[in-house]
Every structure is written in structure tokens, then in C-alpha cells.
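Worksheet: one structure, shown below.
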Amino acid sequence: MEGQKGTRMTGSLVFGLLLTVTFGVALHGLRPSAAHAQGGILTARIYGIDVTQFPTVTAFLQVVDLNAGLPVPQQPKLVAMIEDGQALPAQEATLAPSQLGSDIVILLDASQSIISPQSRGYTRKSRLEEARELVRAIVDNMGERSRVALLAPIGAELVFIGGLGKDGTPLTTNGGAVANALDQQDFPPRPRGQEATPLFDLLGRAIEVLQNAPGRANRPGMVIVLSDGIDFLSDQQVTDVTRRAQERQIVVHAIQIGPPQGKGRERAMENLRRIAAQTGGQVKIYGRDDMTPFYESLKTRWGQLLVLRYRSQVRQSGQHELVLRLEVGGQTIEVRATYALTIRPPEVRVEWEGGEEIDASKVLSLPVKIRVEWKDQRGAYGVLVKGFRVGEAFVGFEQQTAAQKGNLALLQGTVNLAGAPPGVYLLQVDLEDNLGFLVHGNGPRIRRPAAAPSPVSRGFLDVLPVFSCTLALAALGVAIIAFVRSPRLREAASTMTQPLVQRIKEVTEPFFPTGAVRGAEPARAWLVVVEGEEERRQIPIRSIHVRLGRDESLANIVFNDRTVSRLHCRIEEVEEGVFMIYDEGSTSGTYVNYEQVPMNGARLQDGDLINMGRVQLHFRLKLDAQASSAPRPAPSSPSLAAQEGVEEEKTHPLRLDDERTQIFKE
């Protein structure tokens with residue numbers, strides 16, 4: 001007998017152990033991103049990804065302790081960041097907490113056992129009065145940016161107490177109005193045979209509201225169930241509700257009002273406890289448990305999200321995957337999320353004054369406006385004018401202003417039509433935005449009359465000018481000899497010819513206009529050449545966007561040095577007095593104070609040293625007396641390749657052992 005009893009006890013222990021292990025494995029399977037840590041099981045959730053400022057991507061996430069049913073207070077560390085299988089530098093991303101608020105749907109189990117005046121809770125008040133106190137405490141303690149809705153069954157219908165907002169959703173930031181509406185709400189007795197609440201329908205409706213709420217992607221959603229328990233939910237219904245909540249990352253909290261009543265009261269709260277445990281929520285008993293930590297969590301922890309910002313490397317439309325590895329509490333958590341992105345090249349429109357056709361023989365300089373508009377998920381970003389073309393010939397362009405507003409960029413400048421070829425061709429502009437999209441815009445037709453044809457050969461008449469010139473030169477030689485040998489003749493000739501020469505000079509000498517610029521804008525900053533061509537040359541920066549390089553068709557500031565790329569780098573004034581430098585994929589790289597400029601650029605300070613190959617520059621916001629008084633050399637002559645008309649040589653990279661490519665440490 002004792003042996004049989006020991007066998008039964010051993011079997012019970014084994015069965016209990018197997019049940020515990022099975023439940024633990026099942027729970028772990030429901031939380032693939034969770035990690036065990038001191039105090040509980042941690043999981044990370046990404047609530048949404050914002051790409052409206054692409055290529056800047058913003059992700060909203062939260063780390064939750066599933067055992068405690070609360071977000072962890074510790075600031076996690078971003079260990080790794082992977083986008084579409086490509087690792088990105090985690091140190092260039094920012095991860096910081098921000099109070100964004102949460103969405104809360106309160107479900108009131110208005111069953112007969114709750115609304116009956118004879119039903120009492122643990123505080124000895126009626127259960128409906130306790131429910132009203134709970135709702136008032138929840139709305140008083142939720143975050144300033146949080147939204148709340150109250151759903152309860154009244155008669156045979158599910159009603160949002162407090163009504164719907166202007167946007168058609170019951171969620172509102174005015175929690176006091178919801179609590180006041182509950183205080184004034186009458187609950188008629190439940191129909192016979194329908195005393196229990198359709199909790200499954202209530203949970204489904206609450207999940208639907210949270211899923212479709214405006215701005216749902218950037219905030220957590222939760223359901224708070226006020227009930228004394230429900231025992232007729234099937235296991236399949238519990239599983240379905242739990243799965244729907246987990247897929248939408250919705251947390252379910254259960255607050256028990258009074259002791260369970262009715263048949264099966266010993267397991268009345270079991271279903272709610274299962275749903276809350278598997279979605280990361282809390283279970284509280286009103287009147288017996290301390291509710292203060294729960295109320296505080298609504299204001300501080302649940303409404304606070306971690307905001308991650310980084311520069312994306314994606315360059316095509318479609319679905320993309322983001323993988324984050326976070327370290328918190330000595331454990332590493334991995335979380336994945338996907339986001340959709342639509343990228344389209346910007347649209348370009350060229351505006352000018354005049355008709356559809358411009359005569360280049362009469363109009364040498366044509367003012368134009370270039371409008372660049374992005375119509376995808378991006379805002380307005382940097383755009384570079386690669387050049388203007390008339391047919392296949394490139395013509396000069398001087399950019400004067402650049403402005404951005406929303407998804408629109410406006411550039412103004414002047415096109416030099418002196419280099420337009422003969423014939424009628426369309427004026428075209430080539431641009432490139434900061435994602436590398438090459439786009440084109442069309443301007444007016446440019447017409448230049450063809451050169452006059454060469455005359456037909458006329459025999460001896462063609463040789464006659466040469467013969468006449470020869471005789472004239474011979475006569476001139478004789479006159480020079482006589483002039484030199486006879487002082488009187490020289491004096492007389494000078495007296496006679498001087499008025500004639502002066503008159504001929506006035507008639508035949510061409511007039512060239514000066515290149516002085518009237519009304520030029522003051523310099524925003526200066527570049528002073530320290531090493532390379534034209535040392536101590538002072539280069540004023542008069543535009544918020546300048547380009548440095550070797551090719552005058554691509555750069556505003558040109559350096560004739562083979563270690564400088566055709567388009568080497570650019571300097572932008574992003575704010576008043578704040579300048580950034582960006583490398584444009586140069587061969588030798590761009591260095592500031594002997595440190596290479598990263599992909600997202602570097603900020604320039606007064607006195608910084610800039611290296612582009614062999615050319616070394618000082619960046620100055622204000623010239624000192626020595627720099628201002630230094631003599632300014634004449635502009636350098638064009639490169640030998642440009643003078644001789646031969647094909648330009650390739651850029652020479654700076655040697656790896658050159659001191660400009662090294663990072664010097666103190």
C-alpha cells in the first residue's frame with residue numbers, strides 16, 4: 001500500500017515537473033525576442049518606424065520586463081544595427097527616451113455581479129462604485145499625451161462611454177470627460193440569461209480600436225479590464241485573443257473588483273490572468289493590492305518610448321528589415337521590424353523670362369530658377385547642379401541663391417550662353433540629389449545663327465591680297481630704314497602720323513567691360529590656402545552651398561592639382577554661422593584637422609585645417625589682420641591639359657604614407 005502511495009507521489013512530481021517545463025517552453029515560444037535577466041524575462045518591442053524624413057529613419061521601441069509587466073527603467077545600449085543584412089555603424093545612431101504617451105482602452109465588465117447595488121468589493125463599497133473610482137484614478141494618472149477610451153456592455157450593445165471624437169475614434173486626451181460620463185451612466189439590470197459579460201467580444205473590439213487609432217505606430221497600446229472574473233471562455237477563445245494582442249503588441253492588464261462569484265468562481269480570474277501574463281500585463285486586486293505602482297507606471301513608464309534615429313543606406317523602394325541588438329541588465333536582446341519605403345527621383349522644372357526660344361547672339365546671360373520637388377516619403381534634401389547643356393555642349397552656370405521649404409528646393413542663378421553651339425538646341429540642366437539620383441530638367445530652345453560660309457575660290461584674285469601684303473611690307477622696310485637714318489624725317493613722320501594713329505586706335509580698338517561685381521553679398525566665411533597653389537590666397541564663401549574640386553564645370557572653387565578630384569567636397573551653411581563639410585567620393589579623401597570626414601559630414605570651426613590631397617586650407621569665420629593684409633596673388637592659369645586641348649588626366653590619389661592621411665594623436 002505504501003509502495004503504491006510512493007509510486008503515485010513520484011508520478012505526480014514527475015507530471016508536475018513536465019507541466020512546468022512545457023509551460024515554460026510554450027511561454028518562451030510566444031516571446032522570440034525575450035532574454036532572461038535578473039528580475040524577469042525581458043523583451044523589446046518596436047511600435048513603429050517613421051521614414052517621412054528619409055534618409056533619416058526613426059524607430060520607436062520599448063523594453064519590457066514580462067514578469068513584472070512593466071517597461072524597464074534602465075537605458076539600454078545599442079550594440080548592433082543591421083539593415084537589409086548590412087551592418088550599420090551603431091555609434092552614429094542616437095537612442096534616447098521620449099515621453100510620447102500611450103493609448104488605453106478600459107473595458108468595464110458590466111455584468112450583473114458588478115452593477116448590482118448589493119454586490120460589494122473588498123473596500124465594502126459597491127463594485128460599480130469601485131469601478132468608477134478605478135477609472136477616475138487611471139485617467140488622472142495617465143501621461144499628458146496619452147489617450148483613453150471606455151467600453152462597456154449596456155443592454156445588448158457594446159457602448160463607448162463618452163462618445164466618439166472628431167476623428168471618429170473613441171480615444172481622447174480628455175480623460176476627465178470619460179470619467180464624468182461614467183459617473184452619470186445608468187446601467188439597467190442585465191436580461192435574464194445574459195447576466196455575464198461577452199468578454200471575448202469586448203477584447204476583440206478594444207484590439208480593433210487600438211489597431212486603427214491615428215498615430216498608433218508611434219505609441220504603445222494597452223487594454224485594462226475591470227472585472228470580477230469570467231469562467232465561460234474556452235481555451236480556443238483565450239488563445240485567439242492572446243495571439244491577436246501579441247501580433248499587434250498590445251498589453252492586457254487585469255484588475256479584479258471584489259471576490260469572484262457564481263459557479264466556478266475558483267477559476268473565474270484564471271482566463272484573464274493567462275491573457276495578461278502572455279501579453280506582458282499586470283494582474284491586480286482592487287482593495288487588497290497596492291495600486292500606486294500601477295498608476296505611476298501609466299504616467300512614467302508606459303508613456304515613455306526609446307527613439308532611435310539613424311541614416312539609412314537604402315536606395316530602392318520596397319519592404320526593408322531592421323534588426324537591433326540591445327544590451328540591458330547584462331543581457332542582449334534582439335528585435336526585428338520591417339517597414340515599407342517608396343523612393344522616387346525628384347521632379348525638376350526650369351523657369352525663365354522670355355519666349356520658348358532664346359537668341360544666344362542677343363542674350364548672353366539668361367537668369368533661371370530651378371524648382372526641385374520630392375513627391376515620395378522624403379522631405380527636401382540637398383541637390384547639386386552638375387551642369388547646363390545646350391545640345392551636347394556644356395555652358396557655364398553661376399548659382400546665386402538656394403532655399404528649401406518642405407519637399408521643395410529652389411535654386412537661382414545665371415546661365416552663360418556664350419558657349420552655345422550654332423543651331424537650335426534645348427537647354428537642359430543635370431542635377432543630383434543626396435541619394436545619388438541623377439535628374440534632368442528642360443528650359444527654352446537656344447538658337448545661335450550659323451557662321452558665314454567660306455568664299456568660293458576666284459583664281460588670281462585669291463592670291464592678290466598676299467601679293468599686296470608683300471609689297472606693303474617691302475615699302476614699310478624701306479621707310480623704316482629712312483626713318484632711322486634721318487632724324488628730321490623721323491620727327492616729321494611722328495608729327496604727321498600721331499593724330500592719324502590715335503584716330504585709328506579710337507575707331508578700331510575693342511572695348512572690354514570690367515568684371516567688377518556690383519552689390520555682391522558679404523562673405524559668410526573664408527578659406528585661406530596654407531599649402532598648394534597660390535599660398536595665402538583668400539577665398540570668400542558667399543553662398544550657403546559651395547563645391548570644391550578641380551573641374552570648373554562641377555565646382556565653384558577650383559584647384560589645379562591632380563590630387564584634388566574633379567568634384568572633391570562641398571561646404572554648406574546649415575544654420576546661421578554653422579558650416580558642415582561633406583566629402584563627394586573623392587579619390588584622396590577629405591580631412592579636417594587630420595581626421596577623415598565621415599559619411600554624414602563634419603562641422604567646421606574657426607581655424608580648422610582642411611586637407612584635399614596636397615591642397616591645405618584654413619577655414620576662417622573672420623579674417624585676422626595678418627590674413628587680411630596678405631597680398632592676394634593673381635588667379636592661376638588654366639591647366640596645361642585645358643590649354644593644349646588634350647584629354648584631361650585622371651586624378652592622382654594621395655599616397656597612403658603622406659602625413660595628410662594619418663591621424664595624429666597627442
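Can you pull the one-decimal nm distance between simple spin-label points at Thr338 and Leu471, each 7 Å off the Cα toward Cβ?
9.5
Largest first, what is the accessible-area ranking of Asp290, Asp228 with a 1.4 Å probe?
Asp290, Asp228
Counting every Cα pair in the range 331-401, what percent are over 15 Å apart? Can you show the working numbers first?
Details: 1764 of 2485 pairs.
Tail fraction, whole percent: 71.
Where does each of Glu247, Glu321 land when they are ordered by accessible area, with a 1.4 Å probe and the largest first?
My answer, sorted largest first, is Glu247, Glu321.
A 24 angstrom limit on the alpha carbon distance is what I want to check against. Which of Lys77/Lys284; Lys375/Lys405; Lys77/Lys375 exceed it?
Violating the 24 Å Cα-Cα cut-off are Lys77/Lys284; Lys77/Lys375.
Taking 0.36 nm per residue of sequence separation and subtracting the Cα-Cα distance, how much length would be gained by fully extending the chain between Glu208 and Arg536, in nm to one decimal?
Full extension of this stretch gives 111.1 nm more.
Arg447: net charge of surrounding residues, Cβ under 14 Å, Lys/Arg +1, Asp/Glu -1, itself excluded?
Every neighbour counted, the sum reads 0.
How long is the gain from Glu356 to Asn67 if the chain were fully straight, where each residue apart is worth 0.36 nm and the alpha carbon distance is subtracted?
My answer for the length gained is 96.8 nm.
Note down the accessible area of Lys375, probe 1.4 Å, to the nearest 10 Å².
100
May I ask you to evaluate 6.51 cos²θ - 1.76 cosθ + 1.60, the Karplus curve with θ = phi - 60°, for each residue of the range 244-258 and list the ³J(HN,Hα) values in order in whole Hz, giving x for glycine and proline?
The phi angles translate into 4, 5, 5, 4, 9, 6, 9, 9, 10, 9, 10, 10, 7, 10, x Hz.
Could you sort Glu595, Glu576, Glu130 by their accessible area in this structure, using a 1.4 Å probe and putting the largest first? Mind dumping the intermediate values first?
Working: Glu595 110, Glu576 165, Glu130 0 Å².
From most exposed to least exposed: Glu576, Glu595, Glu130.
When ligands, DNA and RNA are left out and all protein chains stay put, how many square angstrom of accessible area per residue does the range 254-379 have with a 1.4 Å probe?
49
Could you tell me, in Å, what Rg and Dmax come out for the Cα atoms of the range 361-420?
Values for the range 361-420 (Cα only, Rg and Dmax): 13.5, 44 Å.
Rank-order 326-332, 60-66, 200-206, 433-439 by packing density, defined as the average count of other C-beta atoms within 10 Å over each peptide's residues, highest first.
On the way: 326-332: 16.1, 60-66: 22.4, 200-206: 19.7, 433-439: 14.0.
Result, highest mean Cβ count within 10 Å first: 60-66, 200-206, 326-332, 433-439.
Expressed in nm to one decimal, what extension gain is obtained for the pair Arg243 and Glu321 from 0.36 nm per residue of sequence separation less their Cα-Cα distance?
25.8 nm is the gain from fully extending Arg243 to Glu321.
The values are calculated or read from the model by the stated rules, or taken from the named source; none is laboratory data. For clarity, every value in this text was computed on a predicted model and none was experimentally measured. In this analysis, Cβ positions are derived from the backbone assuming ideal geometry, glycine residues included, and neighbour counts consider all displayed protein chains. Just so you know, the surface numbers come from the protein's heavy atoms only, side chains and all, with ligands and any DNA or RNA stripped out. Shrake-Rupley method; radii C 1.70, N 1.55, O 1.52, S 1.80 Å.
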